[in-house]
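Taking it in order: structure first as structure tokens, then the write-up.
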Amino acid sequence: MQVDQAPLEEAFEATIAGNDRIEPRDWMPEKYRQTLIRQVAQHAHSEIIGMQPEGNWITRAPSLRRKAVLLAKVQDEAGHGLYLYSATETLGISRDELTRRLIEGKQKYSSIFNYPTLSYTDVGTIGWLVDGAAICNQVPLCRTSYGPYGRAMIRICKEESFHQRQGYELLMTMMRGTDEQRAMVQESVDRFWWPALMMFGPPDGDSPNTAQSMAWGIKRHTNDELRQRFVDMTVPQAKALGVTLPDPELQWNEERGAHDFGEPDWDEFWAVVKGNGPCNAQRMAHRKAAYDDGAWVREAAMAFAARADSVGRDAEGRSGEERTGTKAQEAGND
Ligand code: BYC
């Protein structure tokens, strides 16, 4: 039987026009679904791959306090990845399939994580600049048109704010230290500034997805709008910190009420996105090894679930009889 799609499309368009949320139970155009799978999966992969550059420093953090903070932050990134994979699953695709697509190079992750962390200072710079850029990009996504994605973003943004502050606090502590420490901060900021600007994606004129994603309310601002917001937010913070941002063209433009700034090296950006950045091969090899090493856990969990189904056990491994027994005991205790 042929289903008339027109009323479904109308309902979808009305929801978007009214700034309401599309939920998993709602009809949606296939291209809307595919665009979300692409963006949310790329976001999830970025969180998981993003654990690597900082995780590299957990065993070498300079104090117990710094180690505990870094450990917590990296664990938060794992959590963000899981919320986002769960949101993507509501679009009808499994986490396993998404991971396979990443490992086979069919899906991307953020360019920023293909740069190395050469000193512990980079943990602070990543918190300040990378998480700072992430917040700029992600706060508007709390209002994205797809419900599960927007709700995941609310929690993620709260944690990202904490991450940004811990980075800034780390750098501020170093800036109050020795000349050598101040030089380390400047050197690290010099390396991360341009890659952080590239996180927002290509310029609007070279961004094939922005127009449609804005029309659908998936993205709420263009790449260039958010990049500008990030620069304007970061300049006063750099001043308070006492570091120089490595851009000779950076200056306040009175007329625009915003900062002018130089052009990132877009050839470098596309090279990194296509897999030729300094750490792409290393990041993917590490991710693949972790996936392969975890195979036995997935297999054991699946075998357990299948067995539990066949004997009617619940998630805690209790049979129906045991559950009834427990129930009877609980009732007796009342
Ligand atoms: N890196 O048409 P465009 C984090 C791709 S996690 C790599 O503008 P769109 C954190 C783009 O996918 C940060 N690829 O695309 C974690 C597209 O290729 P495809 C991750 C990029 O989607 C741990 C092509 O270039 N955040 O913060 O409209 C520790 C053309 O681009 C990049 C998110 O994922 C890039 N930077 O806009 C610390 C946020 N930029 O897919 C921190 C959610 C573009 O057509 N995502 N490409 O083959 C978004 O907001 C958007 O997807 C983007 C790109 C703004 C990134």
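To keep it simple, each residue is scored yes or no on (1) assigned to a helix (DSSP H, G or I); (2) away from the ligand (no atom under 15 Å from the Cβ).
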position	(1), (2)
T15	yes, yes
P24	no, yes
Q42	yes, no
S46	yes, no
Note on P116: of the conditions (1) over 18 Å from C279 (Cβ atoms); (2) assigned to a loop (DSSP other than H, G, I, E, B), unmet is (1)
What pairs can you find where one residue is in segment 265-291 and at positive phi, the other is surrounded by 12 or more Cβ atoms within 10 Å (Cβ to Cβ), and their Cβ atoms are less than 9 Å apart, with a gap of 6+ or different chains? G275/N114; G275/A281; G275/M284
Within segment 72-81, does at least one residue satisfy the condition of being out of contact with any Asp or Glu (no Cβ under 7 Å at 6 or more places or on another chain) and not in a helix (DSSP H, G or I)? no
Residues that are closer than 15 Å to T125 by Cα, in contact with a Leu (Cβ under 9 Å, 6 or more places away or on another chain) and open to solvent by less than 20 Å² (accessible area, probe 1.4 Å), drawn from segment 36-60: E54
Are any residues in segment 101-121 within 12 Å of the ligand (Cβ to nearest atom), in contact (Cβ under 8 Å) with a residue 24 or more places away in the chain and of a type outside the set (A, V, I, L, M), and if so, which ones? R101, G105, Q107, K108, Y109, S110, S111, F113, N114, Y115, T117
Please verify whether segment 65-72 includes one or more residues that are touching a residue at least 60 places away in the same chain (Cβ under 8 Å) and open to solvent by less than 30 Å² (accessible area, probe 1.4 Å). no
Can you name the residue in segment 76-102 that is hydrophobic (A, V, I, L, M, F, W, C) and under 17 Å from the mean Cα position of the chain (by Cα) and, of all such residues, is most open to solvent (accessible area, probe 1.4 Å)? L82
Test each condition in (1) away from the ligand (no atom under 11 Å from the Cβ); (2) over 30 Å from I16 (Cβ atoms) for R229 and report the one that comes out false. (2)
Read through the list (1) more than 29 Å from E254 (Cα to Cα); (2) surrounded by fewer than 22 Cβ atoms within 10 Å (Cβ to Cβ); (3) in contact (Cβ under 8 Å) with a residue 24 or more places away in the chain; (4) within 11 Å of the ligand (Cβ to nearest atom), then give the number of the only condition that L141 fails. (2)
Scanning segment 201-218 for residues that are more than 6 Å from the ligand (Cβ to nearest atom) and not aliphatic (A, V, I, L, M) gives P203, D204, G205, D206, Q212, W216, G217
For segment 170-186, indicate whether the set of residues that are in a helix (DSSP H, G or I), in contact with a Leu (Cβ under 8 Å, 6 or more places away or on another chain) and of a type outside the set (A, V, I, L, M) is non-empty. no
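The values are calculated or read from the model by the stated rules, or taken from the named source; none is laboratory data. Owing to the predicted nature of the structure, the values given are computational and were not obtained by experimental measurement. For neighbour counting, all protein chains shown are included, and Cβ atoms are generated from backbone atoms with ideal geometry for every residue, glycine included. Heads up: the accessible areas ignore ligands, DNA and RNA and are worked out on the full protein's heavy atoms, side chains in. Shrake-Rupley method; radii C 1.70, N 1.55, O 1.52, S 1.80 Å.
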